[in-house]
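A.B. asks: There's a structure below that I have some questions on.
Since every read-out is calculated from the coordinates, none of them should be taken as a lab result. The structure displayed is predicted, hence computed values, not measured ones. Here the Cβ positions follow ideal geometry from the backbone for every residue, glycine too, while neighbour counts run over all protein chains shown.
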Amino acid sequence: ETGVTQSPTHLIKTRGQQVTLRCSSQSGHNTVSWYQQALGQGPQFIFQYYREEENGRGNFPPRFSGLQFPNYSSELNVNALELDDSALYLCASSLGQGGNTIYFGEGSWLTVV
Amino acid sequence: AQSVTQLGSHVSVSEGALVLLRCNYSSSVPPYLFWYVQYPNQGLQLLLKYTTGATLVKGINGFEAEFKKSETSFHLTKPSAHMSDAAEYFCAVRYSGGSNYKLTFGKGTLLTVNP
């Protein structure tokens, strides 16, 4: 039990639609990052938020966007869904930008049809 | 740029045998290194990490890993495999400096444990 909760756990969307995934970080953790894990692959970094500001981004297009709220919870938004967006989306939280104890949630499984 | 190579996408051992999962990294600055385990249909669980100090790191469930700078390796070991160890294992690296604190993961090693 990491204290990082994500919702929804599973969802199916149609190509071209938009999706919002949510994450509650572990209590006291002010840094949230998001990862995409395609089937059979390791997680790929999407972006990180620290104190409500994006402070790092991976090689993902602008249709992947996010928010962090004052209570440090976070959202990942993906617009214009493509079939290749089908993946497990993982949220991770840590304390401080350089926190080395990084806890992951159970993930949200997104299927795009 | 940082990268991680996990040698062997699938490792199979007998129950009670030694577990050795290999990880090599490249990083232009001193790295922070991590091992995570992922059970089917679950998220990632932190097994252990190396940041600074002692190069032999002990983690949960009897796993340990040794940071060898000269070999750029961080192999994961467990003396005696248990059936419950069957899972996917990911090695990850992170820069120890800069403002982007992303984890870079390897492709994973699936561990199966035979009775």
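A.B. asks: Within segment A:50-100, list the GluC sites (Glu not before Pro) lying in a DSSP loop whose Cβ has at most 14 other Cβ atoms in a 10 Å radius.
C.D. replies: Working: sites: A:Glu52, A:Glu53, A:Glu54, A:Glu75, A:Glu82; in loops: A:Glu52, A:Glu82.
Answer in residue order: A:Glu52, A:Glu82.
A.B. asks: Just tell me how shielded A:44-54 is by partners: mean number of partner chain Cβ atoms within 10 Å of each residue's Cβ, no decimals.
C.D. replies: Working: counts 4, 8, 1, 2, 5, 0, 2, 0, 0, 0, 0.
The shielding value for this peptide is 2.
A.B. asks: What size of dipole, in debye to the nearest 20, comes out for chain B about its Cα centre when the only charges are +1 on Lys and Arg C-beta atoms and -1 on Asp and Glu C-beta atoms?
C.D. replies: 340
A.B. asks: How far apart, in nanometres, would the label points at A:Glu53 and A:Ser73 be if each is projected 7 angstrom from Cα along the Cα-to-Cβ direction?
C.D. replies: Between A:Glu53 and A:Ser73, the label points sit 2.4 nm apart.
A.B. asks: Are there trypsin sites (Lys or Arg not before Pro) in segment B:29-115 that DSSP puts in a loop and that have at most 14 other Cβ atoms within 10 Å, and which ones? Before the final figure, lay out each step's value.
C.D. replies: Working: sites: B:Lys49, B:Lys58, B:Lys68, B:Lys69, B:Arg94, B:Lys102, B:Lys107; in loops: B:Lys102, B:Lys107.
Filter output for segment B:29-115: B:Lys107.
A.B. asks: A further question on this structure: What does the charge dipole of chain A about its Cα centre add up to, to the nearest 20 debye, if the Cβ of each Lys and Arg holds +1 and the Cβ of each Asp and Glu holds -1? All intermediate terms of the calculation are to be shown ahead of the outcome.
C.D. replies: Working: 6 positive and 9 negative charges, 25 e Å.
Computed about the Cα centre, the dipole is about 120 debye.
A.B. asks: Provide the FRET efficiency to the nearest 0.05 for the B:Asn61-B:His10 pair, computing r from the beta carbons and using R0 = 25 Å.
C.D. replies: Working: r = 20 Å, r/R0 = 0.80.
Result of the calculation: an efficiency of 0.80.
A.B. asks: Pick out, in residue order, every one of the trypsin sites (Lys or Arg not before Pro) in segment A:44-95 that is DSSP loop and has at most 14 other C-beta atoms within 10 Å; say none if there are none. Mind showing how you got there, number by number?
C.D. replies: On the way: sites: A:Arg51, A:Arg57, A:Arg63; in loops: A:Arg51, A:Arg63.
Answer in residue order: A:Arg51, A:Arg63.
A.B. asks: With r defined as the distance between the Cβ atoms of A:Phe60 and B:Leu110 and R0 fixed at 22 Å, what FRET efficiency is calculated, to the nearest 0.05? Before the final figure, lay out the partial values.
C.D. replies: Working: r = 26 Å, r/R0 = 1.18.
The calculated FRET efficiency here is 0.25.
A.B. asks: Just checking the output field for B:39-48: average partner chain Cβ neighbours within 10 Å of each residue's Cβ? Present the calculation step by step, with values, prior to reporting the outcome.
C.D. replies: Values: counts 0, 0, 6, 5, 16, 14, 4, 7, 0, 0.
That average works out to 5.
A.B. asks: Specify which residue in the list B:Pro31, B:Ala87, B:Leu76 is farthest towards the positive end of the charge dipole of chain B, using unit charges on the beta carbon of Lys, Arg (+1) and Asp, Glu (-1), about the Cα centre.
C.D. replies: The Cα lying farthest towards the positive end belongs to B:Pro31.
A.B. asks: For A:Ala38 and A:Arg15 in the same chain, what is the full-extension length gain: residue separation times 0.36 nm, less their Cα-Cα distance, in nm?
C.D. replies: Numbers: separation 23, 0.36 × 23 = 8.28 nm, distance 1.68 nm.
That works out to 6.6 nm of additional length.
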